[in-house]
Every structure is written in C-alpha cells, then in structure tokens.
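Each remark here refers to the structure printed beneath this line.
Where a number appears in this text, it was derived from the coordinates with a stated rule and is not lab data. Computed from a predicted model, the values in this text were never measured in an experiment. With ideal geometry, Cβ positions are generated from the backbone for all residues, glycine too; neighbour counts draw on all protein chains shown.
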Amino acid sequence: MYDYLIVGAGLYGAVFARLAANAGKKVLVIDKRSTVAGNIYTEKQEGINVHIYGAHIFHTNNKEVWDFLNGFATFNRFTNSPVANYKGELYSLPFNMYTFNKMWGVVTPDEAAAKIAEQRKVIKGEPKNLEEQAISLVGRDIYEKLIKGYTEKQWGRDCKDLPAFIIKRLPVRLTFDNNYFNALYQGIPIGGYTKMIENMLEGIEVRLNTDYLKNREELSTLAETVVYTGPIDAYFNYSLGTLEYRSVRFENETLDKPNFQGNAAVNYTDRETPWTRIIEHKWFEFGKDEQGNDLPKTVISREYSSEWKPGDEPYYPVNDEKNGALYEEYKKLAENEKKVIFGGRLGEYKYYDMDKTVEVAMAKFKTLGLN
Ligand code: UDP
C-alpha cells in the first residue's frame, strides 16, 4: 500500500512526490504519457533542448521555490526578452522605452508618459475587460499593434470578452529594460527541464503509460491518498459540463542553418499571420551545446492556438466569468472527495506559472503537517 498515488508526473506532481518521499512516505507516480515532466518536457534534438509543449522560462521572486528547484538543476542566465513582429515592424517587449521610441519616436520617459496619458483618457473608471485594461496601461496604438491581434489569436475571443488580469502579467516600464519578467530569479535549467524532473523523482516509483481515469477503481485502491493533477472536469466525467481550455499545436522544423530569427521568441502580433509566435529553442541556451560549442543547426516551433476539444491536450484554462463559475461548482464536488487532493494548472483550473505551481504544491504539502 502506498501513502500517495500521484496522478501526473508534471511539475506539481513531481514536487509533491519529492516532498512526500523526503518525509518518509511511500509514493507512486503515474502518468498517461510515456514521458515524465508533463508540459515542461524537453527533448534533445540536434544538440538542442527542445521545449516540446511550448516555451517555459522559469522566473520567480520566491526564494524558497528557487532554492528548492536549485537542488535539482543549475539554472543558466537566460533572460526573456521577446521581440514583437507586427507586419514586419519589430518592437521590443515588454512595453518599455525601446517600444515607445519605435512606436511614437519619443525619446524621453516624460514624452512617452504623455503619449500614454493622452491615449488612455477614453477609459473612465476601473477597466472592465482586457481591451480597456490594455488601453489604460499603454494607450490605443500599442493595443492595436502589439496586443489586440496576438491576444485574439491566443484566446480565440474578443479582447472585450477577456478578463483584464491576463494583460496585467506584462510589465510596462518607462526605462530601457526589456526583461519580460519582474523577477529576482530567472533562467532555464541547464540540461533541460526533463532532467530536472528526473532528478526530482529519483528513487521514487514511476509508472508511465498509465491512464488514471481509465483504471481509477483499481489504481485508487493502491494508496491512502490520491494527488490528482489532471483536468478537474475530466475527473468528474464532465458531469456539470466541460470547462473551456485553450490548446496549442506546434509545427516544428529543423533548419540547416545556425540562426533563423536571432532570438528565442518572436511574437507575431498581427491578426493575419496564423501562428502566434515562433520559438527558436537554441537561444534558451545561447546557441551552444554543453561543451560550449556553437550548434550548426536550429530547431524552430511555430505555435498555433486553438480551442480545446476532447482528445486535445489542454494548456491554458480560460479564466473568464462563465468558466470561473463552473469551476466553483466542480470545486465543491472536489471538496467532498476526502481521499483526493486536486492540484496544478489543470487540477485547480488556474493560469499558474511554473513558480506558482511549485509554491502551491509546497503549500499544500505543508497543510498535511508531515514535515
Ligand atoms: N500579449 C500580447 N502581446 C504579446 C505578448 C503577450 O498582447 O506580444 C498578451 C496576450 O493577451 C497574452 C498575455 O499577454 O495572452 C500573456 O502573455 P504571456 O507571454 O505571459 O503568455 P504565455 O507565455 O503564458 O503564453
């Protein structure tokens, strides 16, 4: 008999498993995929760690989280600084003095602030949706060229129908600082995320190709407690209806040249280009292999956003009002499942970044009073 059956070998599951194992508990981790690491899975191709389920750049202000992960990986000095491509015009992201200079020709922070102030006047009171929030933060020009098209492709919804908080993730700065994140600690684990998760799961029994929902009666009898990190609505057989998710499709290409776009991420912010962004994976590791040699080839991924339907991989919860209300109903059902802990982006239906995922897994573990 195991103390914990952990469903999902992604970040939440692996952190929880490690903490439980450290506390002397007997743990079994299962995953329906043939690989560990969930959506942070990386795979080596042409000497490059390819982020198979989309780019993941670790960043946090939480020292406890940072110290914990550094027990399993050494992080490099990568700093995210995406470039926006709007119909061939290139802009620096996040929104900073380089962006404002290119957009309006302004040179000083005062001039930039004046432009934004003039354009945000149309928004009265608290912004009610993403469009109002964006205009209120950076004005209409930047909204039209760098936000509207990208956001509508990404979410498949009008910016007026999306919650304001999504755009608040992006910093706005009147300085020449194009670090995408306001975080004290940032980087990519050297050797890839998969290696980091493998290190975290060392000495813990893992069964891959094992689908919990298809064998739940049998699997549940194996442990006192189940930690479920899959979609909460799937756990309840969609009995109250389906929560909406966005899915992503990647078109990967290996190119016989050393440099395709000169940056890890280029966002295509117009409405017409069908992909949202192109990731060139080698730049997460400065184009070098582990010995420090330049890599001759490059691997790129075009990212296409789509509405999730059964059978697709869910990536992003759609945290609007309708889905939020349905999630609350599922949460009530979850609270009655005394043997089960629901966790992670899918288990809690929250747009968690990686650091938050680690943080909530640690916090949940602490509530058990085992360490
Ligand atoms: N966003 C945008 N233009 C960009 C990049 C991001 O309008 O060039 C908006 C968009 O609404 C997106 C949100 O900011 O959903 C958050 O972007 P982020 O890059 O943080 O999303 P993730 O990396 O999680 O997909």
Among all the aspartates and glutamates, which ones have a C-alpha under 18 Å from Lys44's C-alpha, if same-chain residues fewer than 8 places away are not counted? Glu198, Glu251, Glu253, Asp256, Glu280, Glu285, Asp289, Glu290, Asp294
In the chain, if the dipole is taken from +1 on Lys/Arg beta carbons and -1 on Asp/Glu beta carbons about the Cα centre, which of Asn61, Phe16, Trp275 is farthest to the positive end? Asn61
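Roughly how big is the stretch 154-229's charge dipole about its Cα centre, with Cβ charges of +1 (Lys, Arg) and -1 (Asp, Glu), in debye to the nearest 20?
Once rounded to the nearest 20, the dipole reads 520 debye.
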Rounded to the nearest 20 Debye, what is the dipole magnitude of the stretch 1-79 about its Cα centre when Lys and Arg each give +1 and Asp and Glu each give -1 at the C-beta? 100
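Report the local net charge at Arg77: Lys and Arg +1, Asp and Glu -1, summed over other residues whose C-beta lies under 13 Å from its C-beta.
Numbers: positive: Lys288; negative: Glu285.
That works out to 0.
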Qualifying trypsin sites (Lys or Arg not before Pro) for the stretch 1-83 [loop in DSSP, other Cβ within 10 Å: at most 12]: Arg77
Between the stretch 190-215 and the stretch 90-123, how many Å separate their Cα centres? 45
Can you give the net charge of the other residues whose Cβ lies under 14 Å from the Cβ of Arg302, counting K and R as +1 and D and E as -1? -1
Ranked by Cβ crowding within 10 angstrom, fewest neighbours first, how are Tyr351, Tyr268 ordered? Tyr351, Tyr268
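Within the stretch 5-82, list the GluC sites (Glu not before Pro) lying in a DSSP loop whose Cβ has at most 16 other Cβ atoms in a 10 Å radius.
Those satisfying the criteria are Glu46.
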Could you list Arg271, Arg140 in order of exposure, starting from the residue whose Cβ has the fewest other Cβ atoms within 10 Å? Arg271, Arg140
Cα centroids of the stretch 292-358 and the stretch 15-48: how far apart, whole angstrom? 16
Please compute the volume of the convex hull spanned by the alpha-carbon atoms of the stretch 263-317 and report it per residue in Å³. 125
Within the stretch 140-248, which GluC sites (Glu not before Pro) sit in a loop by DSSP and count at most 16 neighbouring Cβ atoms inside 10 Å? Glu202
In the chain, taking the dipole from +1 charges on Lys and Arg beta carbons and -1 charges on Asp and Glu beta carbons about the Cα centre, the listed residue (Leu146, Tyr228, Tyr316) farthest towards the positive end is Leu146
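If contacts are Cα pairs under 8 angstrom and at least 6 residues apart, what is the relative contact order of the stretch 1-68 in percent? Don't skip to the end; give the middle numbers.
Working: 77 pairs, mean separation 17.9, N = 68.
Value for the stretch 1-68: 26 percent.
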Computed magnitude of the charge dipole of the chain (debye, nearest 20; Cβ of K, R +1, Cβ of D, E -1): 400
Please give the helix 354-367 orientation as an angle from the longest Cα principal axis of the chain, in degrees from 0 to 90, rounded to the nearest 10. 40
In degrees rounded to 10, the 0-90 angle between helix 321-336 Cα long axis and the longest Cα principal axis of the chain is 20
